[in-house]
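Okay, so here's the structure we're looking at.
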Amino acid sequence: MILPALFAIAKPAAVSGFLRWLRHLGGPGLILLGLLDNSAIPLPGGMDIFVIVLSADQPERWPYYAFMATAGSLLGGYLTYRLARGEGKGRLASRLKRSQMDKVRSVFKKWGFWSISVPAVLPPPLPMVPFLVAAGAAQYSLQKFLAALLLGRAVRYSILGVLGAVYGRHIIGYFSQHTRVIVWTAVALVVAGIAIGVLRSRMSATRAA
């Protein structure tokens, strides 16, 4: 979803078409993106960009977009939590970097509720998925988990929605003037992220074998 969107705005003349495409996806698109963003293959910053751009295009609807982004993240986070809870310290956790998971588990044991809600507010590059996995693997209370994730994501996407509604036009104008550099840099980062994720998965599979 992210790559087609990036290529769609590779030329300044396509910005309006990109906005029409985003408007067509609307809230349901944010639900789908939330599922992907909270999976074992996240899309850092993708949801943030969509919320800002949609809120900039339709400022009066920013609460709706913030709500749908929060709902998508909550659903995606719940699914990852359930998978990790069912596997315990199984395959899902093994797909993530061991040193990273050890640090996350240590933070989670110390702070509990806040170790979920605070990362849910903070922007990339702080990864959210390891905290979701740690909560599930530790058999953390589902009610507390959902409350913490809801709090963090609601705050985050409300802030982004307001920023998009107030300053989004300026952001879009900047994009239209520097699209090529921004788009190709973003494409390179996405491809690098996917490549690193695949490499880590293969290394984990090799160690497990």
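The values are calculated or read from the model by the stated rules, or taken from the named source; none is laboratory data. Remember, predicted model here, so these are calculated numbers, not experimental data. Glycine gets a Cβ as well: all are built from the backbone with ideal geometry, and neighbour counts include every protein chain shown.
Tabulated values for the structure
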quantity	calculated
Qualifying residue in region 124-143 (condition: in contact with a Leu (Cβ under 9 Å, 6 or more places away or on another chain) and not in a helix (DSSP H, G or I))	yes
Residue satisfying all of: in region 32-52; in contact with a Ser or Thr (Cβ under 8 Å, 6 or more places away or on another chain) and either surrounded by 18 or more Cβ atoms within 10 Å (Cβ to Cβ) or over 16 Å from ALA120 (Cβ atoms) (or both); modelled with the lowest pLDDT among these	ALA40
Qualifying positions in region 98-130 - at pLDDT below 85 and hydrophobic (A, V, I, L, M, F, W, C)	MET101, VAL104, VAL107, PHE108, TRP111, LEU126, MET128, VAL129
Residue in region 66-76 that is outside any helix (DSSP H, G or I), more than 17 Å from LEU132 (Cα to Cα) and modelled with pLDDT of 75 or more present	no
Any hit, region 136-152, residues being of a type in the set (Phe, Trp, Tyr), at pLDDT below 85 and surrounded by 15 or more Cβ atoms within 10 Å (Cβ to Cβ)	no
Scope region 55-65; condition assigned to a helix (DSSP H, G or I) and not basic (Lys, Arg); matching residues	SER55, ALA56, ASP57, PRO59, GLU60, TRP62, PRO63, TYR64, TYR65
Complete set of residues in region 55-72 that are under 15 Å from LEU32 (Cα atoms) and surrounded by 18 or more Cβ atoms within 10 Å (Cβ to Cβ)	TYR65, ALA66, MET68, ALA69, THR70, ALA71, GLY72
Filter result for LEU163 (at pLDDT 90 or above, part of a helix (DSSP H, G or I) and in contact with a Gly (Cβ under 7 Å, 6 or more places away or on another chain))	no
Tally of residues being farther than 19 Å from SER39 by Cβ, of a type outside the set (Ser, Thr, Tyr) and under 15 Å from the mean Cα position of the chain (by Cα) across region 127-158	2
